[in-house]
Amino acid sequence: MAVTLRRGSRVRGRVRQKLNALLASKLATGRAWELREIFSYFWKYTSTIWAGGFLEHWCWRAMRSRLQPMQEVARMLRAHEPLILNWFRAKKEISNGAVEGLNNKIRVVTRRSYGFRTYEAMELALYHNLGRLPEPESPHKFC
C-alpha cells in the first residue's frame, strides 16, 4: 500500500480514511507505520536528556511490538545510543555529509581501479584522485 510510504501529515482525503482503517485494524503494517511515524519526533528534540528518554521509550515500545524488523532497529539503536545522542550534544551543528562524500569518492575510484593488480596501485590512484594530483601520462614503461 503506497500510503505507508508517506508521512502522516501528507495523507489527505480518501487515502487518510484508508490509513485510519489500517491503523484501526491493528495489522502489523499499521503498527509498523505508527512506530515509524512516532520516531520522526525524535529529531525535533534539542535536549540530550529528553532525546535519550524518548529513544529509550521508543525502543521499549518497538521491542514489545512483536514486529521482528522493528525489534532489530530497536536493538541497533540501543547499541549505538551514545553515538546517536552525540548529535544532540553537538547542538545539531555537525553533519556526516563530508564523510559520506569522501566515501562516495573512494567507492568511485575503487570501481575504476578494478583491473589493477595490486592494492598499492589502487591506493596510489586514490591518493591522486583525492589530492587532485596530476595523472601520469602513461602508467606503463615502454622500453
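The values are calculated or read from the model by the stated rules, or taken from the named source; none is laboratory data. Quick caveat, the model's predicted, so the values are computed rather than measured. Note: ideal-geometry Cβ built from the backbone for every residue, glycine included; neighbour counts use all protein chains shown. Please note that ligands, DNA and RNA were not included when accessible areas were found on the heavy atoms of the full protein model with its side chains. Shrake-Rupley method; radii C 1.70, N 1.55, O 1.52, S 1.80 Å.
Some points to look at:
- Accessible area (Å², 1.4 Å probe, nearest 10) - Trp58: 10
- Solvent exposure of Arg89, expressed as accessible area, is near 130 Å², computed with a probe of 1.4 Å over the protein chains only.
- Taking the range 58-128 and dividing mean pair separation by its residue count, relative contact order in percent (alpha carbons under 8 Å, at least six apart): 17
- Heavy atoms of Phe116 accessible to a 1.4 Å probe, total area in Å² rounded to 10: 100
- Most to least accessible of Thr46, Thr110 (protein chains only, probe 1.4 Å): Thr46, Thr110
- Inter-site label distance for Arg64 and Ile106 at 7 Å from Cα along Cβ, in nm: 4.1
- Value of Rg/Rh across the range 69-120 [Cα atoms, Kirkwood radius]: 1.21
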